[in-house]
1. Looking at the range 176-201, which of its residues are touching a Gly at 6+ places or on another chain (Cβ under 8 Å) and either within 10 Å of the ligand (Cβ to nearest atom) or open to solvent by less than 10 Å² (accessible area, probe 1.4 Å) (or both)?
2. Filter the range 55-74 down to residues that are of a type outside the set (A, V, I, L, M, F, W, C) and more than 9 Å from the ligand (Cβ to nearest atom) and give me whichever is nearest to the chain's Cα centre (by Cα).
3. In the range 1-35, how many are within 13 Å of the ligand (Cβ to nearest atom) and open to solvent by less than 50 Å² (accessible area, probe 1.4 Å)?
4. As an exercise: evaluate Lys186 against (1) more than 30 Å from Met1 (Cβ to Cβ); (2) touching a residue at least 40 places away in the same chain (Cβ under 8 Å); (3) of a type in the set (Lys, Arg) and give the number of the one condition it does not meet.
5. Considering only the range 202-221, how many residues are open to solvent by less than 60 Å² (accessible area, probe 1.4 Å) and touching a Ser or Thr at 6+ places or on another chain (Cβ under 8 Å)?
6. If you go through the range 75-85 one residue at a time, do you hit one that is in contact (Cβ under 8 Å) with a residue 24 or more places away in the chain and more than 17 Å from the chain's Cα centre (by Cα)?
Amino acid sequence: MVSLGLEDKVIVVTGGNRGIGAEIVKLLTELGAKVAYTDIKIDTAHSGALAIAADVTDLASMKAAAAQIAEKLGPVYGVVANAGITRDNFFTKLTAEDWDAVIDVNLKGVNHTIAPFIEGMYERGSGSIVCISSISGDRGNAGQTNYAATKAAVIGLVKSLARETARYGVRVNAIAPGFINTEMTKAIPEKVKEKIVAEIPCRRFGEPEDIAWAVAFLLSPVASNYISGEVLRVNGAHHT
Ligand code: NDP
């Protein structure tokens, strides 16, 4: 019997309440991992997983979550920086608040998610970090200059951090999802959605499970042990 080797591994997922994060939590739990998930406010229970209220924009709150996870589940092997938000508008209409909110969650939030765990990974000589970027950061998207900037920045962070962590046995990768059916994409007007689907060679939006399996692969010390600093595009062939 082969396995992804995630059994009993402690893995933390941010933004696990709903959408892609919730599916990642469910799949990792089914694969036998000890999963902790965070969200600003916990309003969804996922069976078998530890839920902790923590805001990724607040480093102190993430450090407190890390302490609780270590106490309740043990040393952390995997971190999935998934929490993200959009504040879409055309460039001329974006406000300073739209920029700050998106940078705080999508970019600083990734730093705050990784920082409390990384030194422990170095000490133990193992770990895998997966950051959720976006097709928008990879190829750009009108109406998302603020969001795309943060998601492109995450790719730079991942590629640089992977170079720092490799000597400690810690891998760092990004996933760039295409358009996925969640609350986030529900906000896209139907007419715009139709145009996007026409551009996607698979002719449909992806599902949260499609991203969850890619996360499991990149976390796996068996399946992706020699992959680090990589961006895995999961987008139904919706490339540049
Ligand atoms: P959702 O909006 O459905 O879920 C995002 C989750 O993140 C929510 O549970 C939300 O909490 C949580 N969250 C938001 N802000 C914070 C915060 N400050 N601290 C902790 N948790 C927070 O989004 P998706 O599931 O669609 O997206 C997940 C990730 O995938 C994001 O990084 C997104 O940018 C990325 N992505 C999504 C794509 C898509 O098409 N859906 C495409 C490409 C990338 P709450 O419930 O309280 O709002």
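1. The initial filter retains those residues of the range 176-201 that are touching a Gly at 6+ places or on another chain (Cβ under 8 Å), namely 176-184, 200-201.
Of everything in the range 176-201, those that are touching a Gly at 6+ places or on another chain (Cβ under 8 Å) and either within 10 Å of the ligand (Cβ to nearest atom) or open to solvent by less than 10 Å² (accessible area, probe 1.4 Å) (or both) turn out to be Ala176, Pro177, Gly178, Phe179, Ile180, Asn181, Thr182, Glu183, Met184, Ile200.
2. Only one residue fits best here, namely Lys63.
3. 13
4. Condition (2) is where Lys186 drops out.
5. 6
6. Yes - at least one qualifying residue is present in the range 75-85.
The values are calculated or read from the model by the stated rules, or taken from the named source; none is laboratory data. Fair warning: this is a prediction, and the values are worked out from it, not measured in the lab. For neighbour counting, all protein chains shown are included, and Cβ atoms are generated from backbone atoms with ideal geometry for every residue, glycine included. Areas reflect the complete protein model, heavy atoms only, side chains present, ligands, DNA and RNA absent. Shrake-Rupley method; radii C 1.70, N 1.55, O 1.52, S 1.80 Å.
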